[in-house]
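Any read-out appearing in this document is the output of simple, stated calculations on the displayed coordinates, not a laboratory observation. This is a predicted model, so every value here is computed, not measured. Methodologically, a virtual Cβ is constructed for each residue, glycine included, from the backbone with ideal geometry; neighbour enumeration extends over all protein chains shown.
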Amino acid sequence: MATPTLAEVINRSQHHGLIARITSQQIFWVFMAAVFACLALTILTDSFATERNLFNVTRNFAFVGIIALGMTAVIASGGIDLSVGSTLVISAMTVSVIMSAGMPFWLGCIAALGISLLVGAVNGVLIAYAKMPPFVVTLGMLSVARSLAMVLSDNKMIYEFGPDHDFLLWLGGGSTLGLPHPLIIMVILACLTAFAFRHLRWGQHLFAIGGNENAAVLTGIPVARIKVSVYMFSALMAGITGVLEVGWLGGVTTNLGQAMELTVIAAAVIGGANLAGGGGTAFGAVVGALLIEVIRNSLILLGISTFWQGTFVGSFIVIAVAFDRFRQRKS
Amino acid sequence: MDQQIWGVFMNVLELKNISKRYGAIQALDSVSLAIAPGEVVGLMGDNGAGKSTLVKVIAGNFAPTSGDILISDKKVAFNKPLDAQKAGIEVVYQDLAICNNLSAASNVFLGREPTRRIGPIKVVDYAFMRSKSAELFARLKSETRPRDLVHKMSGGQRQAVAIARTLLSDAKIVLMDEPTAAISVRQVAEVLNLIRQLSDQGIAVVLISHRMPDVFEVADKVVVLRRGELVADKKASQSSPEEITGLITGAIEHA
Ligand SMILES: Nc1ncnc2c1ncn2[C@@H]1O[C@H](COP(=O)(O)OP(=O)(O)OP(=O)(O)O)[C@@H](O)[C@H]1O
Ligand SMILES: [Mg+2]
């Protein structure tokens, strides 16, 4: 056998053709499932493929999708963030309280995102420096942040947003070129996240920490700092969603985003984020969110009680993890 | 290799009375050791004797409880692995410190990924990482492919990934924690060859191994740890596997 040139060696890898590469990804099959569900619903119901319904689906899916981007980063680094629903509401409350007091949008938005980043930083510091388990820290934060949102708003509904009222509603509820704004923002954030995962050292380090934290420490990766940044990233995504969701709903109460963490975790895990750490993609988070929203929508359209939603979301998490275990055992 | 050959009369690394405690466990007890440029030192000892601990102290993973470390006759204090790396110390860890979910190239450059600028942002330079690691694997005569996930590799290939890392910088001293455990005979010979190659370039190597033949094949000097104490520091040519075995088990008290 002739000795291969250096270039040949460099470009060799264990992957074979493009098709084999694509079909070996969980994400491909999840995407196909979502497409199939959409086709089935279009045929089975008159109401799915209407403009109004699709508009709602895409917007709802965008909210879950944005937070799932942050959750994917956390899960890929080997952690978990249960506080995203509460971060969402504290962000929503902050922007609402400030705007309803007559302040401009930009001030409310900066304050809301600032508070969200602070929530993430507290989570991150307790996890990375105090070395507390992510599950415990973010479970505590789940309670604390929502309670603070209640304190902040005196648990009243807010639906007057001062001088920039219309802008806020346009930002969260409007559309450009027929595309709902949350969807556009989700696509932009997904592209940025995908880029950061793949092309920034931050992404490399985050996946290294999730893959083998000990190795990351030994090779001098600033593990604690990266972890803090990952929880801040997750909180920022939840904070952005909070601001958008107020605009969409046109009002906010303190039960906004309740139980959302499970839906988001399910979306990330279905999209290929590995709860053991070290795996996950931005595209996967988006596709996972899409599948969940399509199925949620189908329950409504098919006249099945929405009480079943929790059963689906919970089962999805377990099935996705079981699927992952099964694949690992095979290889 | 004799230090006079290098025309310099200094040690690349010197340890003075290094001790390390883990709570009640005295993992290292006043260990003193000097290593010359290009010298290959075989570090031996029973399980739990403190070999890995000594390596981690030298590599800056944690500070010794007491004692001094000197690099090229200058006292140093390492707060983190990067400090030791900057001083020219490279390590191949016992568990290899490898991430299974990343490619071979990413693992070689773990923690020091090269970047290039695209406008205001710095992106990881994958092309350079691949070509440079392919070159290093070629130097190691390893058939490891830069783009493959480490997850699917053999023990020898994983070893090559970990050793390739040490060749990235201008190391003065390479610490290897059991590099020949769990790899094939052919690859043991390759690793030993690599050690000689490093030594010829003036790089000192500390080789931790339980395999007596490997140590006697490459080492200039053999040191033995027993329950955290340094009980022997001898030229390999003036010792024998039998004597070293006695020193490890305690059948021979001191040498
Ligand atoms: N992180 C730690 N915390 C507490 N004790 C430790 C720690 N690491 C090592 N030890 C203890 O210190 C002693 C020396 O361990 P070390 O790992 O250095 O031994 P070793 O010579 O490398 O052994 P082996 O041949 O099994 O690799 C042992 O008693 C071990 O149990
Ligand atoms: Mg050891």
For chain B, alpha-carbon Rg relative to the globular expectation (2.2 N^0.38 Å, N residues)
1.02
With the Cα gyration tensor of segment B:39-166 giving a ≥ b ≥ c as the square roots of its eigenvalues, does the rule (a/c under 1.5 for rounded; else a/b larger than b/c for prolate; else oblate) give rounded, prolate or oblate?
oblate
Let me have the 222 nm mean residue ellipticity of the protein assembly as shown computed from DSSP H runs of 4+ only, each contributing -39500 (n - 2.57), with the sum over all residues rounded to the nearest 500.
-17500 deg cm²/dmol
Roughly what % antiparallel, to the nearest 5, for the DSSP beta bridges in the protein assembly as shown?
60 percent
Quick one: grab the alpha carbon gyration tensor of segment A:41-126, order the square roots of its eigenvalues as a ≥ b ≥ c, and give me rounded if a/c is under 1.5, else prolate or oblate depending on whether a/b is larger than b/c.
oblate
Ranked list, fewest to most other Cβ atoms within 10 Å of each Cβ, for B:Asp68, B:Asp200
B:Asp200, B:Asp68
Within-13-Å neighbourhood charge of A:Ala268 [Cβ basis; K, R +1; D, E -1]:
-3
Where the centre of each part is set by its Cα atoms, how far does segment A:259-331 sit from segment B:18-52, in angstrom?
50 Å
Burial ranking of peptide ranges A:58-71, A:40-53 (average Cβ count within 10 Å, highest at the top)
A:58-71, A:40-53
In Å, the C-alpha Rg and Dmax of the protein assembly as shown are 28.8, 91
Just the projected area, averaged over all directions, of the convex hull on the alpha carbon atoms of segment A:248-331: how many nm²?
7.1 nm²
Would you mind giving the mean number of other chain beta-carbons within 10 Å of the Cβ of each residue in A:195-208, as a whole number?
4
Determine the relative contact order of chain A: mean sequence separation of Cα pairs under 8 Å and six or more apart, normalised by residue count, in whole percent.
31 percent
Please give the net charge around B:Gly156, taking every other residue with its beta carbon less than 14 angstrom from that of B:Gly156, where Lys and Arg add +1 and Asp and Glu add -1.
+1
Please report the net charge: other residues with Cβ closer than 14 Å to the Cβ of B:Val224, K and R +1, D and E -1.
-1
When A:Arg296, B:Arg139, B:Arg165 are ranked with the fewest other C-beta atoms within 10 Å first, the list becomes B:Arg139, A:Arg296, B:Arg165
To the nearest Å, what is the center-to-center distance of segment A:129-162 and segment A:52-69, using C-alpha atoms only?
23 Å
Can you pick out the pairs among B:Lys80/B:Lys122; A:Lys131/B:Lys20; B:Lys75/B:Lys172; B:Lys74/B:Lys172; B:Lys80/B:Lys132; A:Lys131/A:Lys227 whose Cα atoms lie more than 18 Å from each other?
B:Lys80/B:Lys122; A:Lys131/B:Lys20; B:Lys80/B:Lys132
By its C-alpha gyration tensor, with a ≥ b ≥ c as the square roots of the eigenvalues, how is chain A shaped: rounded for a/c under 1.5, else prolate for a/b larger than b/c, else oblate?
oblate
